[in-house]
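Scroll down for the structure; my scribbles are underneath it.
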Amino acid sequence: MIPATFGALLGFLGLVAPGLVYNTVAARRRPRRDESTFAEVSRVALTSLGFSLVALAVLWLLQRYSRLALPNVGLWLTQGGKYAARNLGKVFFGLVAQVVLACGLAAATALILIRGYQSRFRDDTVYGSVFRRYRPNKFRAWVYVKLDDGTEFWGHERAHNDLGEAAARVIVLGGNGLKRQLSGESDWQSIGKSWDLVIIDTARIQYMQVIYRNAAGELRGARTDEDPEGEPRNFGDDPIHLQSSTSSPS
């Protein structure tokens, strides 16, 4: 249903906005509930109604005991459109103030309730977080992959797909430093100068390690709230041949 008037639109926003704000803030630290669309919409509406009523009560008290240009709720309810027509400025200010106050109360309540949660929940996929969100600025994901048959790869992450059917989930590695070591081989084979990309089926991955490297060869760990630039790393003679990352990226 689409609101037919501007007043109806503000009323609709006042009904749903506080619940949406509450859910958005709470979802930063708490996992989303697995529920039907009807249940989710009903929860948002009830949450919004609760905060809207609290905001309305606060504004009613302010209107009675202060000189703020707020509408008289009692006269508005009894006279309806006639009162609104005579006091358009007060009515508009009151509606806006009620929506803003209700949203503020919703956000503050959500922050109080989730203050004990340490983990942050996001809509990103795991690979999307590792390869994009956690990547320090001007650094790229340098990835080591070991497959279930013992084959190993080193390379820069170029692309990935971890959505949809399992058969379509892949990771693409590339760069001049792209290397491969087959099971049973003692040395790494540099394949980046001959082949541009390697497409790896994620179902074949036994495990994967990720570090972040820039064009100068500097290594850093993942971005965190405490260290948004990533912690500098120096692995030296790493047993997984991290020294192969000295090859220039492309």
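The values are calculated or read from the model by the stated rules, or taken from the named source; none is laboratory data. A quick note: this is a predicted structure, and the numbers were derived from the prediction, not measured. Positions of Cβ are backbone-derived with ideal geometry, glycine not excepted, and every protein chain shown enters the neighbour counts.
Observations, loosely collected:
- So Phe51, is it touching a residue at least 24 places away in the same chain (Cβ under 8 Å), closer than 17 Å to Leu15 by Cβ and assigned to a helix (DSSP H, G or I): yes
- Out of Arg132, Arg120, one residue alone is of a type in the set (Lys, Arg), in contact with an Asp or Glu (Cβ under 9 Å, 6 or more places away or on another chain), at pLDDT 85 or above and not assigned by TED's automatic domain parsing to the domain that holds Ala17. It is Arg132.
- Test: residue in segment 74-81 that is modelled with pLDDT under 85 and over 17 Å from Trp60 (Cβ atoms): yes
- Segment 159-205 - residue that is polar (S, T, N, Q) and not in a loop (DSSP other than H, G, I, E, B) and, of those, farthest from Asp148 (Cα to Cα): Asn176
- Residue selected from segment 175-195 under the condition in contact (Cβ under 8 Å) with a residue 24 or more places away in the chain and among the polar types (S, T, N, Q), by the criterion surrounded by the fewest Cβ atoms within 10 Å (Cβ to Cβ): Ser183
- Yes/no for Ala27 being buried (at least 17 other Cβ atoms within 10 Å of the Cβ) and at pLDDT below 75: yes
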